[in-house]
Amino acid sequence: MPGTSPPSPLEPNRVVPLSTFLNLTFTGLVVGAIYGLFALGYTLVYGVLRLINFAHSEVFMWGSFAAVWMMTLLNARAGSGGPAAVLYLLLALLAAMAVSGAVALLVERVAYRRLREKKSPPLVALISAIGASFMLSEIMGLRDRIAGWLNLDGVLGDYVRPARENTQFVNPLPNATLLDVGGFQVRSTQLIVLVAALAMMIALEQFVRRSRLGRGVRAVSQDAEAAALMGVDQKRVVQLTFLLGGLMAGAAALLYLMHIGVTRYNVGFILGIKAFTAAVLGGIGNIRGALLGGLVLGLAENYGSQLFGSAWKDVVSFLLLVVVLLFRPTGLLGESLGKARA
Amino acid sequence: MRSIVKLATPVAAAALLLTACGGTTGGSTEEPSAGASSGSSCPEGLSIGFFGALTGPDANLGVNIRNGVDLAVTQHNAQDGACQVALEEYDSQGLPDQATGLATQAVRDENVLGVVGPAFSGESRVADPIFAEAGLVGITPSATNPSLAEQGWETFFRVLGNDATQGPAAASYITGTLGKQKVYVVDDASEYGKGLADLVRADLGAAKVKDNTVQKGQTDFSAVVADIRATGADAVFFGGYYAEAGLLAKQMRDAGLTSEQVAFVSDDGAKDNGFVTAAGQAAAEGTVFTCPCLPPDQAEGTFVQDYTDAYGTAPATYSAEGFDAANILLDGIADGSTTREDLLEFVKGYDEAGVTKQLTFDDKGEPSEISVWAYKVEGGQIVADQEIPAS
């Protein structure tokens, strides 16, 4: 757009104060941790099946609605606090993880299993994934009409309307300032989101690395045929992989809602692209790579926004992706789920 | 490549599906009982169009207008049994890239004599030239970008003041009434949001501390919030629509910037309950909106009561303007202007009292009577604050 005055790097305000830099770093890590958690679903499935599960974005979206509905069901009030608030959030977390896990298994069953059994070419699975993604998103976006057909409109009023608008997540936990040093602020919600996301990822990594089931996942990822010969049930492993990715997406959805506050039937679309980018950036198929990619992406977005204006943040992050892939085509930490010892 | 595929497919498919759905609901509810017409004063099957977002992220504004138009059509049909008019809905989702197809569709349907809309400025820039070429009159109740009236489109009219009035009014409200001196101006890069924000920037002059631009659909504004804090701004003006405005306000308040420290001021595109939903009631409190629209409860006559009875909610942003715009077209049809050509001439010469103002247009299609109002969020409701005097 010529002749306009967008915020440009040439503006005088260019020297960034330390407190702003720290704020950008911290909030970037918070968002990045959510990306990382979300990205695990892409990475795990790719690691095992060499397939990009594009329906994963809708797995996340369904989890976010489960959390919102749980709060509506519990009649939670914003910022009410107390032990009840913690309990409510835990219930919302369970709901989100359960629904996301279930949707992920459903996607595996409906969109992939038969194709895999028939040894279809990968492109067919890709189309199937896009179709599943589209279906799941539109079912959510048209839920008011579906409720209307079933004559449940009156009963489900708050849950289905407005179907295509932002739906608010009521966070019962008050948001306090924990630290304020010369403009650098740490807010309680941000800290909870960051810590919880990191804890979930470490737990998953340990599970894949140490448990018997996790060993199966790694075995199939390294060599599916050899694993089958050794008695690993491949179907079970694939299901487990989808389930784990779904559970993590559900957790990511709750943390996203705590951080952003609203969801929508198409919320998974852009976030899914971001999380997928994080997975590729870190090395798709690699669990630690997803975390690292997420954090790097979150930081790049924030720094890019500050330097060039918020409209440029996606340009900056994708440029970063391209540059990283030029020098390390398999991402920052390399591709393999098995070889990198998860 | 993968992401391009991912992008293009659902968008295209969603667009198809949404358009289809919008059409079905419209058809089933809007069709007046046929056969009521007994006389001769107008040909059968005539209709007027509504063009704007009925689905999509900014749909609330479109639905407000559509209900106003629908009310006008229903009242007309009840009064004038001899001349029944139908309402055709063109659901653009507020997206300029949907506008070409829909505008062409409207132009091709010879029964459509006039259109209320397009609702937003971006889609207007695409659709209005198509209307102008076909001589199809379009009265917008809400598109406020000033340059729309400068394009030489003979068929362009609007029933509210443009952003050349709103921009200065917003700036004077921020620096005068609110007494703020360091204003951070953000826009969403849309035709409307950027256009308005640029006018506010120009009028703020030295009181503007910094610019920023965000994207439609963006949900994480932490970098913007960090920058607002860094500049020490005491007010933020956001030019754009309610979905992004609400999230930005929420994230500012979440980051500890209270409304006493940093006022949040936005525009008519953000003045909707969807703003309160996105921000949450606590963060929305105290937000100011400017709008060249009359507070709905100040509309003349029984409009407020009739609207509330018909739709179960009080009229909201642009409902009254939509009602007025539709009535201009319906008056023309009742008056015997039953061709596009005649109706265009009729609208040019129109001079009647509407529910919002005396409705008459200058040769560019701008209204002669203009007022800008400030609104405030109080207790989760958007209420009228005061009329902003022209500076």
Inter-chain shielding of A:173-185 (mean C-beta neighbours from other protein chains, 10 Å cut-off): 2
Averaged over B:277-283, number of beta-carbon atoms from partner chains that fall within 10 Å: 5
Principal axis dimensions, region A:106-155 - Cα atoms, whole angstrom, descending: 46, 15, 12
Percent of C-alpha pairs per 5 Å bin, region A:34-327, short to long: 1, 6, 11, 15, 17, 16, 14, 10, 6, 3, 1, 0, 0
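Just need the relative contact order of chain A here, percent rounded to a whole number, with Cα pairs under 8 Å and 6+ apart. Working shown, then result.
Working: 577 pairs, mean separation 116.7, N = 342.
Relative CO of chain A lands at 34 percent.
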With label points built 7 Å along Cα→Cβ from the Cα atoms of B:GLU110 and A:GLN222, find their separation and express it in nm. 7.6
Cut-off 19 Å (backbone N to label point 7 Å along Cα→Cβ of A:LEU319), residues of region B:188-222: B:212-215
Least to most buried among B:THR155, A:THR241, B:THR313 (fewest other Cβ within 10 Å first): B:THR313, B:THR155, A:THR241
For q values of 0.19, 0.22 Å⁻¹, compute log₁₀ I(q)/I(0) with the Debye formula on a Cα-only model of region A:27-157, without solvent. -1.15, -1.29
When the Cα centres of region B:209-234 and region A:194-264 are compared, how far apart do they sit, in Å? 36
Select from A:GLY250, A:GLY157, A:GLY304 the residue whose mean-square fluctuation is largest in a Gaussian network model of chain A (Cα-Cα springs shorter than 10 Å). A:GLY157
Here P(r) for region B:299-391, Cα-Cα distances in 5 Å bins, as whole percents, is 3, 11, 17, 20, 19, 14, 9, 5, 2, 0
Per 20 Å bin from zero, what fraction in whole % of the C-alpha pairs of chain B is there, up to the bin with the longest pair? 29, 56, 14, 0
Rounded to one decimal in nm, the spacing of the 7 Å Cα→Cβ label points at A:ARG212 and B:GLN215 is 4.6
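Across every pair of different alpha-carbon atoms, what Kirkwood hydrodynamic radius in Å does the protein assembly as shown reach?
Its Kirkwood hydrodynamic radius stands at 27.0 Å.
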Cross-link pairs beyond the 18 Å C-alpha cut-off, checked among B:LYS250/B:LYS376; B:LYS180/B:LYS210; A:LYS313/B:LYS208; B:LYS180/B:LYS208; B:LYS208/B:LYS376: A:LYS313/B:LYS208; B:LYS208/B:LYS376
³J(HN,Hα) computed for each position of region B:341-358 - Karplus, 6.51 cos²θ - 1.76 cosθ + 1.60, integer Hz, glycine/proline x: 4, 4, 5, 4, 4, 4, 5, 4, x, 5, 7, 9, 7, x, 7, 9, 6, 6
Can you list the residues, at least 5 places off or on another chain, whose amide H is less than 5 Å from the amide H of B:ALA235, using H built in the peptide plane? B:LYS182, B:TYR184, B:ALA263
Checked against a 29 Å limit on the C-alpha separation, the offending pairs among B:LYS182/B:LYS271; B:LYS271/B:LYS357; A:LYS119/B:LYS216 are A:LYS119/B:LYS216
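For a protection proxy built on the mean count of beta-carbon atoms within 10 angstrom, sort B:166-174, B:320-328, A:218-226 highest first, please.
Top of the packing list down: B:320-328, B:166-174, A:218-226.
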Apply the Karplus curve 6.51 cos²θ - 1.76 cosθ + 1.60, θ = phi - 60°, to the phi angles in region B:42-48 and return the couplings in whole Hz, x for Gly and Pro. 8, x, 6, x, 5, 8, 10
For region A:233-241, just list the computed ³J(HN,Hα) in residue order, Karplus coefficients 6.51, -1.76 and 1.60, θ = phi - 60°, integers in Hz, with x standing in for Gly and Pro. 7, 5, 4, 4, 5, 5, 4, 4, 4
Going by C-beta contacts inside 10 Å, put B:LYS376, A:LYS274 in order with the fewest on the left. B:LYS376, A:LYS274
When chain A is treated as a Gaussian network with springs between alpha carbons less than 10 Å apart, the largest mean-square fluctuation among A:THR20, A:THR263, A:THR189 is found at A:THR20
Protection proxy ranking of B:283-295, A:125-137, B:262-274, B:211-223 - average other beta-carbon atoms within 10 Å, highest first: B:262-274, B:283-295, B:211-223, A:125-137
Which whole-number percentage describes the relative contact order of chain B, with Cα contacts under 8 Å and a sequence gap of 6 or more? 18
Amide H of B:GLU88 versus every other amide H placed in the peptide plane: which residues, excluding those fewer than 5 positions away on the same chain, fall under 5 Å? B:ILE48, B:GLY49, B:PHE50
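Between B:ALA82 and B:ASP297, what FRET efficiency follows from the Cβ-Cβ distance if R0 is 30 Å, with the result rounded to 0.05? Walk me through the numbers before you get to the answer.
On the way: r = 34 Å, r/R0 = 1.13.
With a Förster radius of 30 Å, E is 0.35.
How well do other chains shield peptide A:258-270, expressed as the mean number of their Cβ atoms within 10 Å of each residue Cβ?
Mean number of neighbouring Cβ atoms from other chains: 5.
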Can you list the residues, at least 5 places off or on another chain, whose amide H is less than 5 Å from the amide H of A:ARG187, using H built in the peptide plane? A:LEU178
Burial ordering of A:LYS119, B:LYS348, fewest other beta-carbon atoms within 10 Å first: A:LYS119, B:LYS348
Please compute the contact order of region A:226-342 in relative form: average sequence separation of alpha-carbon pairs under 8 Å and at least six residues apart, divided by the residue count, as a percent. 23
Taking the Cβ-Cβ separation of B:THR100 and B:LEU178 as r and a Förster radius of 30 Å, what is the calculated FRET efficiency to the nearest 0.05? 0.15
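Here, each number is a calculation from the coordinates, and none is a lab measurement. Source: prediction; values computed, not measured. No Cβ is skipped: glycine too gets one built from the backbone with ideal geometry, and neighbour counts run over all protein chains shown.
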